[in-house]
1. Name the helices (runs of 4 or more DSSP H) wholly inside the range 116-198 in which the number of residues that are closer than 18 Å to residue 86 by Cβ and without any contact (Cβ under 8 Å) to a residue 12 or more places away in the chain is 2 or more.
2. Scan the range 55-79 and report the pairs whose first residue is surrounded by fewer than 17 Cβ atoms within 10 Å (Cβ to Cβ) and whose second residue is in a loop (DSSP other than H, G, I, E, B) and at pLDDT 95 or above, with Cβ atoms within less than 9 Å and a gap of 6+ or a chain change.
3. Taking the condition of being more than 13 Å from the chain's Cα centre (by Cα), surrounded by 18 or more Cβ atoms within 10 Å (Cβ to Cβ) and over 16 Å from residue 73 (Cβ atoms), how many residues in the range 127-143 meet it?
């Protein structure tokens, strides 16, 4: 009984650590000015959604897609302990993310299952893990692209730079297709096209 309670507490600690990611801004935002919406949790959520889409676009199964979501959601969990390094600080610091994630999962029966997912993601040898890494890149570029539409010149510079330095190294054709579509779109196209262009504007909604 005592062992079970100990494991339950470890699970609760894991949930707490995941919760801290909701309150932890990604470190790169200090270089993009007044940006408050990009947290480690929001990034991981977006990666999970994008990863599932890429996996299915690559004609893999729903089960593969669910594995991709798991990898995407958990891929930055270690940063609840290590913090997040941006492009600059990565040149000068070394983080032991493996130890962090190992400590996070220790004492939890299903921790070994999650550890396998993280290991597979980090090795980048499976098709699913490559899709998830592509999703990680797209989530970053989506953030830059969204900010550029709000007039953030630094984000625009980053996005254009990533088109040159990041996109050619994406592992899947589907990820590259998504980027091409994003380039030709705008952040509000989805609802403007579906709710205004196709159906015609709902005048009652527009005029109260």
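1. Details: elements: 127-149, 153-165, 173-183, 189-192.
Because the criterion is at least 2 residues that are closer than 18 Å to residue 86 by Cβ and without any contact (Cβ under 8 Å) to a residue 12 or more places away in the chain, the helices (runs of 4 or more DSSP H) in the range 116-198 that meet it are 153-165.
2. From the range 55-79, the pairs are 57/172.
3. 1
Condition check ((1) more than 18 Å from residue 77 (Cα to Cα); (2) in contact with a helix residue (DSSP H, G or I) (Cβ under 7 Å, 6 or more places away or on another chain); (3) surrounded by 19 or more Cβ atoms within 10 Å (Cβ to Cβ)) across all residues:
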position	(1), (2), (3)
100	no, yes, no
107	no, yes, no
117	no, yes, yes
121	no, yes, yes
125	yes, no, no
149	yes, no, no
153	yes, no, no
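The values are calculated or read from the model by the stated rules, or taken from the named source; none is laboratory data. All values derive from a computational prediction rather than experimental measurement. Positions of Cβ are generated from backbone atoms using ideal geometry, with glycine treated the same way; all protein chains shown enter the neighbour counts.
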